[in-house]
Structures are given as C-alpha cells and as structure tokens.
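Visitor: Shown below is the structure under consideration.
The values are calculated or read from the model by the stated rules, or taken from the named source; none is laboratory data. Note that this is a predicted model, so its numbers are computed, not measured. Glycine also receives a Cβ, built like all others from the backbone with ideal geometry; neighbour counts cover every protein chain displayed. Surface areas here come from the heavy atoms of the whole protein model, side chains and all, with no ligands, DNA or RNA. Shrake-Rupley method; radii C 1.70, N 1.55, O 1.52, S 1.80 Å.
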Amino acid sequence: MSAETTDVAGLVASVVEPLVEYPDDLEIASSEADDGTILVEIRVHEDDAGKVIGRQGRVIKAIRTLARAAASRTDTHVEVELID
C-alpha cells in the first residue's frame with residue numbers, strides 16, 4: 001500500500017470520525033487497484049450512516065470531493081464508498 005493510499009484514508013478518517021456517535025464501530029479500509037485507483041471504504045454503525053450521508057447526500061459528496069482534491073495533487077483517482 002502506497003503512502004498516497006494511507007494519506008487519503010487518513011484524511012477521510014479525520015473528517016468522518018467527528019461526525020459519528022460510535023467511533024469504535026468506525027472502520028476505514030483502503031486499497032489500490034491495478035490501474036492506480038484508490039478505493040476507500042467507510043463502515044459505520046447503522047445509526048451513524050445517516051450522519052455520514054447527510055441531507056440529500058451532501059456530506060458524503062463533500063467527503064468524496066475532498067478526497068479527490070487531495071489525490072489530484074499526484075494525478076490519482078479516488079473512490080469513496082459507504083458500506084452498509
């Protein structure tokens with residue numbers, strides 16, 4: 001796993017952690033595909049899913065935008081997914 005992968009995952013974790021009521025249930029996993037795409041998966045307690053998604057998906061969209069902006073410095077593509 002490259003440093004870029006852990007940096008993006010750390011960024012996502014630092015944004016999501018203050019949003020959730022159950023931080024012990026928060027899991028952030030990142031992996032890198034063969035084409036260089038970084039996949040960041042967020043798993044939260046079922047009661048916290050709505051907080052991470054936000055109204056009309058605004059919070060998760062903002063998290064994705066932030067992660068993509070951070071990765072764009074190295075021309076890397078990032079996908080952020082909330083796993084049920």
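Visitor: Can you tell me which residue is least open to solvent (accessible area, probe 1.4 Å) among those in the stretch 43-74 that are under 21 Å from Asp25 (Cα atoms) and charged (D, E, K, R)?
Guide: So the residue we want is Asp48.
Visitor: Name the single residue, out of those in the stretch 43-80 being among the polar types (S, T, N, Q) and in a helix (DSSP H, G or I), that is farthest from Ser14 (Cα to Cα).
Guide: Residues of the stretch 43-80 among the polar types (S, T, N, Q): 56, 65, 72, 74, 76.
Restricting the remaining residues to those that are in a helix (DSSP H, G or I) gives 56, 65, 72, 74.
Details: Gln56: 22, Thr65: 15, Ser72: 19, Thr74: 20 Å.
Among them, the one singled out is Gln56.
Visitor: Which one of these is modelled with pLDDT of 95 or more, open to solvent by 50 Å² or more (accessible area, probe 1.4 Å) and in contact with a helix residue (DSSP H, G or I) (Cβ under 9 Å, 6 or more places away or on another chain): Glu17, Glu27, Glu32?
Guide: Working: Glu27 fails: in contact with a helix residue (DSSP H, G or I) (Cβ under 9 Å, 6 or more places away or on another chain); Glu32 fails: modelled with pLDDT of 95 or more.
Residue meeting the stated conditions: Glu17.
Visitor: Counting just the residues of the stretch 33-42 that are in contact with a Ser or Thr (Cβ under 7 Å, 6 or more places away or on another chain) and of a type in the set (Val, Ile, Thr), which one comes out farthest from Gly10 (Cα to Cα)? Lay out the reasoning, then the answer.
Guide: Within the stretch 33-42, the first condition is being in contact with a Ser or Thr (Cβ under 7 Å, 6 or more places away or on another chain), and the residues that meet it are 36, 38-40.
Narrowing the set further to residues that are of a type in the set (Val, Ile, Thr) leaves 38, 40.
Numbers: Ile38: 13, Val40: 10 Å.
The extreme case among them is Ile38.
Visitor: Please work out which residue is modelled with the lowest pLDDT, limiting yourself to the stretch 35-71 and to residues that are of a type in the set (Lys, Arg) and under 12 Å from the mean Cα position of the chain (by Cα). Spell out the reasoning first.
Guide: First, the residues of the stretch 35-71 that are of a type in the set (Lys, Arg): 43, 51, 55, 58, 61, 64, 68.
Among the residues that remain, those that are also under 12 Å from the mean Cα position of the chain (by Cα) are: 43, 61, 64, 68.
Details: Arg43: 97, Lys61: 97, Arg64: 97, Arg68: 94.
Per the criteria, the residue is Arg68.
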